[in-house]
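The values are calculated or read from the model by the stated rules, or taken from the named source; none is laboratory data. The shown structure was predicted, so the numbers you read here are calculated from the model rather than taken from an experiment. Note that each Cβ is placed from the backbone with ideal geometry, even for glycine, and that neighbours are counted across all protein chains shown. Please note that ligands, DNA and RNA were not included when accessible areas were found on the heavy atoms of the full protein model with its side chains. Shrake-Rupley method; radii C 1.70, N 1.55, O 1.52, S 1.80 Å.
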Amino acid sequence: MIINKEWDNILKKDYQKEYFLNLNKFLNKEYSVKIIFPKKENIFKAFQLTSFKKIKVVIIGQDPYHGINEALGLAFAVPQDQKLPPSLKNIFKELERDLKIKRTNPNLEDWAKQGVLLINNCLTVEKDKPGSHRNKGWEIFVDEIIKQINNQKENVVFILWGKSAQEKEKLIDSNKHYIIKSSHPSPFSYKKGFEGSKPFSKTNNYLISKNKKPIIW
């Protein structure tokens, strides 16, 4: 078992592919000699908390956080006792602006358990080295997950913040699913389209229109 019975069954073909076997070897070595985030047991936390059957929303980040005690295995989330990273601070700012919800809990596990799949384009990173695990195989793996969601499910909301996430749009059938796009919530691009984009109300309005329970953000 790599993730759990449900996800393993969906991804079992990929587990045998050369890219994944090479990725596994690379990670075993990296974790043995370097400080890698998140902790090894949390690499697939997003999938452990969000079952394939329950997925309503997919939010795609870039890398895990690369600072000590930040990465949780959920895109954009940090542990309860950590200072809010700038991107998450802006996400919460937009949430309050959009739905008047003043959120303080940064671990986002409650979102994940409601069917919000919070995944990064790379699921691991070396300490203090953003982008260090790019082009090692994670992108292929994440593409496969998006393809499986696209093909096997209907009426899923894909929230694509920033260029990296928006490159996944070509894998998504917009006739079957709802795509929400804007600039990234980082301070560099917050004012370039993320501010005022209302992704939370748009998501819930769509889910309600498809007779699905809205997310309690």
Practice problem: Compute the separation of the alpha-carbon centres of the stretch 1-36 and the stretch 121-164 and state it in Å as a whole number. | Solution: 14
Quiz item: Accessible area per residue, 1.4 Å probe, Å², for the stretch 51-139: what's the number?
Solution: 43
Quiz item: Among Asn121, Asn24, Asn204, whose mean-square fluctuation peaks in a Gaussian network model of the chain (Cα, cutoff 10 Å)?
Solution: Asn24
Quiz item: Can you pick out the pairs among Lys40/Lys191; Lys102/Lys129; Lys12/Lys153; Lys102/Lys168; Lys5/Lys53 whose Cα atoms lie more than 24 Å from each other?
Solution: Lys40/Lys191; Lys102/Lys129; Lys102/Lys168
Exercise. Please identify, among Pro185, Pro38, Pro86, the residue showing maximal mean-square fluctuation in a Gaussian network model of the chain using a 10 angstrom Cα cutoff.
Key: Pro86
Quiz item: At a 1.4 Å probe radius, carbon and sulfur cover how many percent of the accessible area of the stretch 1-99?
Solution: 53
Quiz item: Carbon and sulfur atoms: what percent of the 1.4 Å accessible area of the stretch 133-214 do they account for?
Solution: 44
Quiz prompt | Ellipticity estimate at 222 nm from DSSP helix runs (n ≥ 4, -39,500 (n - 2.57)) divided over the chain, nearest 500 | solution = -11000 deg cm²/dmol
Self-check item: Which label in (i) 0.98; (ii) 1.02; (iii) 0.94 gives the computed Rg/Rh (Cα atoms, Kirkwood Rh)
Solution: (iii)
Practice problem: Enumerate by residue number the trypsin sites (Lys or Arg not before Pro) in the stretch 17-120 meeting two conditions: DSSP loop (anything except H, G, I, E, B), and at most 13 other Cβ atoms within 10 Å of the site's Cβ. | Solution: Lys34, Lys39, Lys83, Lys100, Lys102
